[in-house]
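First up is the structure itself, then whatever we jot down about it.
The values are calculated or read from the model by the stated rules, or taken from the named source; none is laboratory data. What you are looking at is a predicted structure, and each value in this text was computed from that prediction instead of being measured. So basically every Cβ, Gly included, is an ideal-geometry build from the backbone, and we count neighbours across all protein chains shown. Note: accessible area is taken over every heavy atom of the protein model, side chains too, but ligands, DNA and RNA are not part of it. Shrake-Rupley method; radii C 1.70, N 1.55, O 1.52, S 1.80 Å.
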Amino acid sequence: MDDAVKARLMAYCRIDTLEDGEELLLQGLHDAAVSYMAQAGIREPKEGTPRRAQYDLCICALVLDGYDRRGAQTEGSVSDNPVLRRMLTQLKLTELPVSDSDTGGVEVLR
């Protein structure tokens, strides 16, 4: 993550200074957001276009959501979080099938 992206995320998330470990957290949240968009079929648009501005705003919103929820306790199950539920569903739907050779011939049930 370059300095411009880091500055944009910090401004969007209203972070004045990063405490110990928060830069890695921000990087991980950014990587997860970019991956989420890619798996949703949304490619990163060219820099300087209106579509890129929308894309960057979506990335920032996903990062902020993850940042805000990082220490939150939820009542019920974790699957009650709709953002997490959507991401888990997307990961399941985009998972490549496991071949028999990857499992040592053991059948994998899904």
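Restricting the stretch 1-41 to residues that are open to solvent by less than 40 Å² (accessible area, probe 1.4 Å), assigned to a helix (DSSP H, G or I) and under 17 Å from residue 57 (Cβ atoms) leaves a set whose member that is modelled with the lowest pLDDT is 37. Scanning the stretch 21-43 for residues that are without any contact (Cβ under 8 Å) to a residue 24 or more places away in the chain, among the aliphatic types (A, V, I, L, M) and under 12 Å from residue 6 (Cα atoms) yields one hit, 24.
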